[in-house]
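Chemist: Pasting a structure here, questions to come.
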Amino acid sequence: MKNSRGFTLIELLVVVAIIGLLSSIVMSSLNSARTKAKDAAIKVSLRQLAILAEQEMNDTGSYCNLNDTSWVPSVAQCASVWSGTYATNARQICAHVLQTNGAPGGVGLHSGVNNATFSCSNKYSFMATLPSSGYYFCVGSGGVSDRGTGSNNWIDPGCWNNP
């Protein structure tokens, strides 16, 4: 009888298959974590825009300089949106949001309220698309932020028609 000193080919293949299976599970978890991190970054950025809006209100008595009532579909357009003391900061945040969410469908960030119902002088709203779901995350002057649950969530708290 011969004394075996190494592993058989079958044993090595089984080990390689197990390692491959485990690495695929880890990789899928990492992709999910990346998407959640992008969502969290967008939420933080919108809250920063809300802080800037509150500072604008304290300084000027109005939200209008940071409440443009428009979609900002590309990073290049961030440079032409907003005015006032905090416009530079808001534009930087805008660029970060659009780079993070990739502006799916060209609707990455919205600033402003429904002017037929609300005035920009006393209400604000910021909305951005979340990469994980394609739904909007909204932050409004009511202090409420909410992840929209549908494609037509304009009336969700913090959004355009319910700031």
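The values are calculated or read from the model by the stated rules, or taken from the named source; none is laboratory data. Remember, predicted model here, so these are calculated numbers, not experimental data. So basically every Cβ, Gly included, is an ideal-geometry build from the backbone, and we count neighbours across all protein chains shown.
Chemist: Pick from segment 50-64 the residues that are touching a Cys at 6+ places or on another chain (Cβ under 9 Å) and buried (at least 18 other Cβ atoms within 10 Å of the Cβ): which of them is nearest to V144 (Cα to Cα)?
Modeler: Only one residue fits best here, namely Y63.
Chemist: In addition: Does R34 count as touching a residue at least 60 places away in the same chain (Cβ under 8 Å) and closer than 26 Å to V144 by Cα?
Modeler: Spelling it out, it is not the case that R34 is touching a residue at least 60 places away in the same chain (Cβ under 8 Å) and closer than 26 Å to V144 by Cα.
Chemist: Another one. What is the one condition in (1) buried (at least 20 other Cβ atoms within 10 Å of the Cβ); (2) at pLDDT below 85; (3) not hydroxyl-bearing (S, T, Y) that N31 does not satisfy?
Modeler: In the conditions (1) buried (at least 20 other Cβ atoms within 10 Å of the Cβ); (2) at pLDDT below 85; (3) not hydroxyl-bearing (S, T, Y), N31 misses (1) alone.
Chemist: Which condition number in (1) in contact (Cβ under 8 Å) with a residue 60 or more places away in the chain; (2) out of contact with any strand residue (DSSP E or B) (no Cβ under 6 Å at 6 or more places or on another chain) is the one that I93 fails?
Modeler: (1)
Chemist: With the structure loaded, tell me whether R47 is out of contact with any Gly (no Cβ under 9 Å at 6 or more places or on another chain) and surrounded by 17 or more Cβ atoms within 10 Å (Cβ to Cβ) or whether it fails that test.
Modeler: no
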